[in-house]
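Only one structure is covered here, and it is reproduced in the block below.
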Amino acid sequence: MAQFSTLPAELRLLIWEFALPARVVEMGEPCDPDIIPEEDLRQAWILNKKHPAIAYVCWESRQIALAKSKLPRGVILAPDSITDARWWSKSTDIIHFNAPPEIINAAQRCRLADGLLDLMKVPILRKMVSISADVVHPFLRFRNRSDLPRSLVWEVICATKICIISLHTVCIRATVEQARELGLFGNGDEPAQLIDPFDKAAIQRFRQLWDNTKKEVSSVKFFDTIDTGRFTFRVERWLAEMSAEYIHFKWTSPPFPTPNPRDITALLRRYPDQRRSPEAKQYLVGFPRLELRIMFRLCPPALVD
């Protein structure tokens, strides 16, 4: 540390900035009925909100960490906003909107709607938007969609042009030391990760970590199906259903003589591969680019014991 302190101040500041974790910063507390006990998910969420490790190294590093999590000049959050001020962090690349509980009251619905609309500001800040599939259209068929207006959700998604959709959440009850050994979760400082479900190498690394931990039913089912044709079919079916919802949202009086939107949406829900047909494609012009991801969360046992 003595040698580091002799470096020019400008260089030290650059090093501290480089050491900041690139976190997925979340809006709203997550809700997932498959993760039991529910407190595990809440504690994992709290872990992701804590200041990074470099905030506790020294005064200089702490100032950098705190400065990077301040709101931009001129931006003010309402006192009752669900948006965590840290979601504006300059070291953050992705802003994720969590699925709320299935049953919410009118006041909660209004706050959630305001939080969802906040996502429309994200592209201006050159950040990516991520939304839980349960907010838009549940990936798992037995799930209920969140109680937010469909038109509002689609308005936000279409405004982003490129939107990450988190299909499923996997909680891994590993220690920070175990994560560090495999170089996962940013050595424990990035406890929420959005991973491409078709990136087999990355999924395998998370599975390796998960194999040595306490397992829950939902994560077992996920790892049992992720490499199978069944999972691929479910993704195709979900994309077709999303396409049908988009057509329903956008087209009330289409300029196309035939077929009409209802026929196309019914066809998509019955035959997912029709998403690539010329008849469907004419209705899907402007359909936002969706990047599908799996949310992996680090939930150290010490947090839940």
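I'd like to check which helices (runs of 4 or more DSSP H) are fully inside the stretch 201-276 and have at least 3 residues that are touching a residue at least 24 places away in the same chain (Cβ under 8 Å). Give the steps one after another, and end with the answer.
Details: elements: 217-225, 229-250, 261-270.
Fully inside the stretch 201-276 and qualifying: 217-225, 229-250.
Reported count of residues in the stretch 46-64, each being surrounded by fewer than 16 Cβ atoms within 10 Å (Cβ to Cβ) and polar (S, T, N, Q), is 1. Just one of the numbered conditions (1) charged (D, E, K, R); (2) exposed (fewer than 14 other Cβ atoms within 10 Å of the Cβ); (3) within 20 Å of the chain's Cα centre (by Cα) is not true of residue 211: (3). Taken together, 153, 129 contain a single residue that is surrounded by 15 or more Cβ atoms within 10 Å (Cβ to Cβ), at pLDDT 85 or above and in a strand (DSSP E or B), which is 129. Counting the residues of the stretch 185-200 that are out of contact with any Cys (no Cβ under 9 Å at 6 or more places or on another chain) and part of a loop (DSSP other than H, G, I, E, B) gives 6. For residue 235, the conditions (1) modelled with pLDDT of 90 or more; (2) more than 21 Å from the chain's Cα centre (by Cα); (3) surrounded by 14 or more Cβ atoms within 10 Å (Cβ to Cβ) are fulfilled apart from (2).
The values are calculated or read from the model by the stated rules, or taken from the named source; none is laboratory data. From a predicted model like this one, the values you see are computed outputs, not experimental measurements. We place every Cβ from the backbone using ideal geometry, glycine too, and count neighbours over all the protein chains shown.
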